[in-house]
Amino acid sequence: MGEEVRLFEEEFASYCQCGYAVGVASGTDAILIALKALGVGEGDEVLVPAFTAPPTVMAVVLSGARPVLVDIDQKAFSMEPAIAGDSITPRTAAMVPVHLYGLPAPMEELCRLAQRVQVPVVEDACQAHGAKLGSKSIGAWGKVGCFSFYPTKNLGALGDGGMIVTDDPELAGEMTKIRDYGREGRDIFSKIGFNSRLDELQAAFLRVKLGVLEKGNARRRELAKRYIQGLGDLPLRIPQAEPEAQPAYHLFVVATRRRDELSAYLASRNIETLVHYPYPIHLQPAFAFLGYKKGDFPNAERAAAEVLSLPLYPELEDQEVEEVISAIRDFYKQ
Ligand SMILES: *Cc1c(COP(=O)(O)O)cnc(C)c1O
């Protein structure tokens, strides 16, 4: 927590159009520390999507609160605002929408709902560094925005790291204490905290890589546009954000009932694909204690059965994307 961390916090806060940024050890810690600083814990409920990376929900459980799963919409695959509204109870203490695949969640609706019921929004922006909705950065919509710098993310360190952004100076102060054993000044420990430091060396790498994030994201959007143009007429669903969104395209995902067949066909043509994620949250063994069952979140279950991530990263060449597109077109011609 030296000069590089301090400077990276300043630069990342300003990049996200936020007043404060607090470096932490991972994206999971970012969500956990944000919830802790907001006073969320035992006896509270926190709304999270039923289809996301498991760490989103792990962080909620680790805070002591109970995750309340909300089904996703069929368009951007994010927390469906109407279902979120129906899931609010007097115990609801926070909402954690996820910008899955780098596609901005419908933040206007979700923030309006949160404001109406007076609960803070903690954005899981771990897949959405540099995404925007209208002119506002993802991460700046909620009370707090949480980022991961795991090496595969749009902004990745050479190891683990994370960041929490906010406009609230008091909350930033709380989070700064919690990441450092609850320390206040040198020798006073004023609350219970963790060891969740962002490493000085990672911060130095991240400062350099922040400088090329916009370029990388622009290239991702260019490649995504090619995919959308090349695949738009096929019987595939392509998750899409609202028209005023500028997605970060952490992943480029298509959805089809013939997912496993398509994936095997592409593998036979030497094209690697992955599934993010093959199980919805409620069907993961770790979350069985929540008591949900198969059928509870039909959109999440359908997504888990149908999504396939196609190759996408800034260094991918136009020609390579065209090859993937023609392989997929050949699959549908068979
Ligand atoms: C990567 C990721 C996380 C966890 O971040 P770590 O740095 O690996 O702890 C949380 N949520 C989402 C959506 C992610 O993609």
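When you scan region 155-172, do you find a residue that is of a type in the set (A, V, I, L, M, F, W, C) and under 16 Å from Val60 (Cα atoms), even just one? For region 155-172, residues of a type in the set (A, V, I, L, M, F, W, C) and under 16 Å from Val60 (Cα atoms): present. Number of residues in region 291-313 that are open to solvent by 40 Å² or more (accessible area, probe 1.4 Å) and part of a loop (DSSP other than H, G, I, E, B) equals 7.
Based on what the data block shows, is Thr152 assigned to a loop (DSSP other than H, G, I, E, B), outside the structural domain of His276 (by TED's automatic domain parsing) and among the polar types (S, T, N, Q)?
Numbers: assigned to a loop (DSSP other than H, G, I, E, B): yes; outside the structural domain of His276 (by TED's automatic domain parsing): yes; among the polar types (S, T, N, Q): yes.
Against the criterion (assigned to a loop (DSSP other than H, G, I, E, B), outside the structural domain of His276 (by TED's automatic domain parsing) and among the polar types (S, T, N, Q)), Thr152 qualifies.
Filtering Leu69, Leu62, Leu110 for residues that are in a strand (DSSP E or B) and either within 16 Å of the ligand (Cβ to nearest atom) or surrounded by fewer than 21 Cβ atoms within 10 Å (Cβ to Cβ) (or both) leaves a single hit, Leu69.
On the given criteria, is Ala76 more than 14 Å from the chain's Cα centre (by Cα) and either within 26 Å of Ala304 (Cβ to Cβ) or at pLDDT 95 or above (or both)? So Ala76 fails the test.
Evaluate the following for Lys36: is it open to solvent by 50 Å² or more (accessible area, probe 1.4 Å), farther than 23 Å from Leu155 by Cβ, basic (Lys, Arg) and more than 16 Å from the ligand (Cβ to nearest atom)? Before the answer, list the steps.
Working: open to solvent by 50 Å² or more (accessible area, probe 1.4 Å): yes; farther than 23 Å from Leu155 by Cβ: yes; basic (Lys, Arg): yes; more than 16 Å from the ligand (Cβ to nearest atom): no.
Judged against the criteria, Lys36 is not a match.
For region 169-183, the criterion of a residue being part of a strand (DSSP E or B), more than 29 Å from Phe77 (Cβ to Cβ) and out of contact with any His (no Cβ under 8 Å at 6 or more places or on another chain) is satisfied by at least one position.
Is it the case, given these coordinates, that Ile228 is in contact with a helix residue (DSSP H, G or I) (Cβ under 8 Å, 6 or more places away or on another chain) and either in contact (Cβ under 8 Å) with a residue 40 or more places away in the chain or within 19 Å of Gly102 (Cα to Cα) (or both)? Taking the combined requirement at face value, the residue does not satisfy it.
Scanning region 110-146 for residues that are out of contact with any Ser or Thr (no Cβ under 9 Å at 6 or more places or on another chain), closer than 18 Å to Leu69 by Cα and free of Cβ contacts under 8 Å to residues at least 60 places away in the same chain yields Cys111, Leu113, Ala114, Val121, Glu123. Looking only at region 20-33, residues that are open to solvent by 10 Å² or more (accessible area, probe 1.4 Å), within 16 Å of the ligand (Cβ to nearest atom) and in a strand (DSSP E or B) come to 1 in all. None of Val96, Val165, Val144 is touching a Cys at 6+ places or on another chain (Cβ under 6 Å), open to solvent by less than 10 Å² (accessible area, probe 1.4 Å) and within 16 Å of the ligand (Cβ to nearest atom) except Val165. Among the residues making up region 34-59, those that are of a type outside the set (A, V, I, L, M) and not in a helix (DSSP H, G or I) are Gly39, Gly41, Glu42, Gly43, Asp44, Glu45, Pro49, Phe51, Thr52.
Summed over region 174-196, the residues that are modelled with pLDDT of 95 or more, surrounded by 14 or more Cβ atoms within 10 Å (Cβ to Cβ) and out of contact with any strand residue (DSSP E or B) (no Cβ under 7 Å at 6 or more places or on another chain) give a count of 3.
A quick yes/no check of all residues on (1) acidic (Asp, Glu); (2) part of a strand (DSSP E or B); (3) touching a strand residue (DSSP E or B) at 6+ places or on another chain (Cβ under 6 Å); (4) open to solvent by 80 Å² or more (accessible area, probe 1.4 Å):
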| residue | (1), (2), (3), (4) |
| --- | --- |
| Glu222 | yes, no, no, yes |
| Tyr227 | no, no, yes, no |
| Pro239 | no, no, yes, no |
| Ala248 | no, no, no, no |
| Val254 | no, yes, yes, no |
| Arg257 | no, no, no, yes |
| Leu266 | no, no, no, no |
| Ile271 | no, no, no, no |
| Tyr277 | no, no, no, no |
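Apart from one condition, Glu3 fits all of (1) surrounded by 24 or more Cβ atoms within 10 Å (Cβ to Cβ); (2) over 13 Å from the mean Cα position of the chain (by Cα); (3) within 29 Å of Arg207 (Cβ to Cβ); the exception is (1). When Lys153 is tested against (1) more than 8 Å from the ligand (Cβ to nearest atom); (2) surrounded by fewer than 24 Cβ atoms within 10 Å (Cβ to Cβ); (3) not acidic (Asp, Glu), exactly one condition is not met: (1). Mind checking which residues of region 41-59 are of a type in the set (A, V, I, L, M, F, W, C), away from the ligand (no atom under 13 Å from the Cβ) and open to solvent by 10 Å² or more (accessible area, probe 1.4 Å)? Once the filter is applied, which keeps residues that are of a type in the set (A, V, I, L, M, F, W, C), away from the ligand (no atom under 13 Å from the Cβ) and open to solvent by 10 Å² or more (accessible area, probe 1.4 Å), region 41-59 yields nothing.
The values are calculated or read from the model by the stated rules, or taken from the named source; none is laboratory data. These figures come from a predicted structure and were not determined experimentally. Note that we place each Cβ from the backbone using ideal geometry, even for glycine, and neighbour counts take in every protein chain shown. Only protein heavy atoms, including side chains, enter the accessible area calculation; ligands, DNA and RNA are left aside. Shrake-Rupley method; radii C 1.70, N 1.55, O 1.52, S 1.80 Å.
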